[in-house]
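What follows is a set of notes on a single structure, which appears directly below.
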Amino acid sequence: MPASPEIRTALLESDLLDALMVPARQGEFARDSRAFVRLDTSLRAYWHTLFDICPELLSLSGPDGLAIFRPFMAWAAERQLSMNWTYYLWVHRWLQQSPFADRLSPQLTLSLMAASAARWAMGDRGPNGGIALGSAELPELVVAWKCHTVTGGREVECLSLEEPLPPPEGGFGWFTLPGFELDNFPGWSPIPQ
C-alpha cells in the first residue's frame, strides 16, 4: 500500500530538517523541487543573519559567502551548536581553525562579538539589563544593553577598562549585568552550546 500524502510530507519534512544543518546536502534535491526551494529559503535566513550583519566576512570568502557558510554550518551541525545569540561567536571559533585563520583581524573579532551581544539584547527576556562579552585575544569588552526607555533602543559599545579583566578560558566568555551599569565582575561563563 503506498504511503499517504501526510506520511510522504512527514518524511520529506524530516529529510529537510536533517539537510538544513548541512548545506552541502542541498545538492541532493532537484533545483526545481519543492524540497530544494524550502531548504534554500530556510538556509537563506541563516546566511542573511550572518552576512547582512557582518558583511566584512564576504571579503574573506567571496561575494556568495559559501566558502565560509557551508563548512561552518556542517561544523555546527556536527557539534549540535545552537543558532541563538552565540551564532557569531561560533562562526569566529570555526574561522580560527579554518583556511581563513590567518586573515582574522581584531576588528572582525569585535564585529562578531558585537553581533552576538546585540542579538542577546534583542532576544533575551530575562530580568538582566545587559551582557558583557570578552575575548582572550582582546583587552576590550563588548557590552550590549537592552532597551530601557520609551525613546531609547538597544545599545552596543566597546569598552576599554582601566584595569583589564582576566582573559576568559576557551576564547570567549560572558556575564550578564543585572542593571544598566557595568559595576561588577561575577566571573566569566563559558559560551553555551
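Derivation of every value follows stated rules applied to the coordinates shown; laboratory data play no part. Remember, it's a predicted structure, so these values are computed and weren't measured experimentally. Heads up, the Cβs are rebuilt from the backbone with ideal geometry, glycines too, and the neighbour counts pull from every protein chain shown.
Which order, highest average first, do 64-71, 113-120 follow once you tally other Cβ atoms within 10 Å for each residue and take the mean per peptide?
Output ranking for 64-71, 113-120: 113-120, 64-71.
From the C-alpha gyration tensor of the range 38-99, pull out the three semi-axes of the equivalent ellipsoid (sqrt of 5λ each), sorted largest to smallest, in whole Å.
Semi-axes from the Cα gyration tensor: 16, 15, 11 Å.
If contacts are Cα pairs under 8 angstrom and at least 6 residues apart, what is the relative contact order of the range 23-156 in percent?
16
How do 122-128, 160-166 rank on mean C-beta neighbours within 10 Å, highest first?
The most tightly packed comes first, giving 122-128, 160-166.
How far apart, in nanometres, would the label points at D183 and T49 be if each is projected 7 angstrom from Cα along the Cα-to-Cβ direction?
So the two model labels end up 3.4 nm from each other.
Between R125 and S42, take the C-beta separation as r, use R0 = 25 Å, and let me know the FRET efficiency to the nearest 0.05.
Plugging the Cβ-Cβ distance into 1/(1 + (r/R0)^6) gives 0.55.
Modelling each spin label as a point 7 Å along the Cα-to-Cβ direction, I'd like the A35/Q107 distance in nm, to one decimal.
4.4
Can you list the HN-Hα couplings for the range 140-148, worked out from phi with the Karplus curve (6.51, -1.76, 1.60; θ = phi - 60°), rounded to whole Hz and with x for Gly and Pro?
Using θ = phi - 60°, the values come out as 6, 10, 10, 10, 10, 10, 6, 5, 9 Hz.
In bins 10 Å wide, starting from 0, what share of all Cα pairs of the range 103-190 does each bin hold, as a percent?
17, 53, 26, 4, 0
Output ³J(HN,Hα) for the range 98-107: one whole-Hz value per residue in order, computed from phi by the Karplus curve 6.51 cos²θ - 1.76 cosθ + 1.60 with θ = phi - 60°, and x for Gly and Pro.
For the range 98-107, the Karplus-derived couplings read 9, x, 8, 3, 6, 10, 6, 10, x, 5 Hz, x marking Gly and Pro.
Would you kindly compute the Cα radius of gyration of the range 50-169 and its largest Cα-Cα separation (Dmax), both in Å?
So, for the range 50-169, Rg and Dmax equal 15.1, 45 Å respectively.
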